[in-house]
Amino acid sequence: NPYPSFINVNKPANSTNNILDLGVNFSLLESGFKAIYFWDTVSGTYKPINNTSDAKYLAPGQGYFVRVNADGNITLNENMQSHQSGNYFSKSSSDRFEIKLKVTNSLSTEKNTEIKYIAGTTTGLDEGYDAGLFNPTAAFSLYTHLVADKEGLKYALQALPNSNFDTMVVPVGLNANKDSEITFSADFNSIPNGVKIYLEDKEANVFTRIDEG
């Protein structure tokens with residue numbers, strides 16, 4: 001961000017005054033990666049921010065990464081400037097149903113992938129809402145595939161409809177060293193009444209409920 005003011009990243013969604021603006025930068029971003037990414041030194045992972053995220057703002061001098069589909073320049077302009085104060089990158093979550101699935105290895109390195117249930121999204125690719133894993137060949141990573149496309153990109157963030165939860169099975173993938181010890185855990189937000197969340201080990205044919213205890 002070259003301006004001495006904050007820059008609006010993503011709110012309101014699909015507007016004309018933020019970095020993910022449909023008419024300015026959206027077409028330049030690669031399909032499945034219509035987000036901006038920040039390097040997280042704790043997990044060693046590029047974290048996506050897009051229309052599923054809480055309101056985010058680039059602080060003056062803040063850097064970020066993008067995946068583009070052609071040569072060109074990401075545009076920042078005065079319409080995107082916003083007067084803000086405080087740390088907006090740690091703003092609290094909303095009250096929608098969200099899952100953050102996490103894995104930790106023997107070196108205490110953590111990786112995670114997020115699933116957010118949002119009205120109007122689909123089980124396929126929702127540009128600007130789903131975000132691919134920025135480094136899909138990393139030796140240690142956790143990701144999902146789209147519910148409607150189980151063999152496609154690896155996703156760090158997937159948006160799904162906020163209804164008919166029992167009809168959606170989310171494929172989860174893990175890259176890790178052979179014979180290494182991996183611990184799964186999860187954070188949840190606003191689990192709907194009656195919904196139970198299970199992790200299926202397809203190799204061992206074992207279901208483990210992960211939303212309790």
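The values are calculated or read from the model by the stated rules, or taken from the named source; none is laboratory data. On a predicted model such as this, the values are computed, not experimentally measured, just so you know. Cβ coordinates were reconstructed from backbone atoms using ideal geometry, including for glycine residues, and neighbour counts include every protein chain displayed. Keep in mind that these areas ignore ligands, DNA and RNA; they rest on the heavy atoms of the full protein, side chains included. Shrake-Rupley method; radii C 1.70, N 1.55, O 1.52, S 1.80 Å.
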For residues in region 25-37 being open to solvent by 30 Å² or more (accessible area, probe 1.4 Å) and not in a helix (DSSP H, G or I), which is nearest to ASN162 (Cα to Cα)?
-> SER31
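Yes or no, residue by residue, for (1) under 20 Å from VAL147 (Cα atoms); (2) touching a Leu at 6+ places or on another chain (Cβ under 6 Å); (3) modelled with pLDDT under 95:
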| site | (1), (2), (3) |
| --- | --- |
| ASN177 | no, no, yes |
| GLU181 | no, no, yes |
| ASN189 | no, no, yes |
| ASN193 | no, no, yes |
| ILE197 | yes, no, no |
| LYS202 | yes, no, yes |
Search result, residues across region 38-61 that are in a loop (DSSP other than H, G, I, E, B) and closer than 30 Å to ASN105 by Cβ | THR41, VAL42, SER43, GLY44, ASN50, THR52, SER53, ASP54, LYS56
Which listed residue, of ALA156, ALA139, ALA148, ALA131, is touching a residue at least 12 places away in the same chain (Cβ under 8 Å), in contact with a Leu (Cβ under 9 Å, 6 or more places away or on another chain), of a type in the set (A, V, I, L, M) and open to solvent by 50 Å² or more (accessible area, probe 1.4 Å) = ALA148
Test: residue in region 2-19 that is open to solvent by 40 Å² or more (accessible area, probe 1.4 Å), in contact (Cβ under 8 Å) with a residue 40 or more places away in the chain and closer than 19 Å to ALA138 by Cβ | no
Subset of region 164-213, residues part of a loop (DSSP other than H, G, I, E, B), of a type in the set (S, T, N, Q) and surrounded by 11 or more Cβ atoms within 10 Å (Cβ to Cβ), comes to ASN177, SER190
Residues that are of a type in the set (S, T, N, Q) and either open to solvent by less than 50 Å² (accessible area, probe 1.4 Å) or more than 23 Å from the chain's Cα centre (by Cα) (or both), drawn from region 45-89 = THR45, ASN50, ASN51, THR52, SER53, ASN73, ASN77, ASN79, GLN81, SER82, GLN84, SER85
Return a yes/no flag: does region 34-53 have any residue that is free of Cβ contacts under 8 Å to residues at least 40 places away in the same chain and hydrophobic (A, V, I, L, M, F, W, C).
-> yes
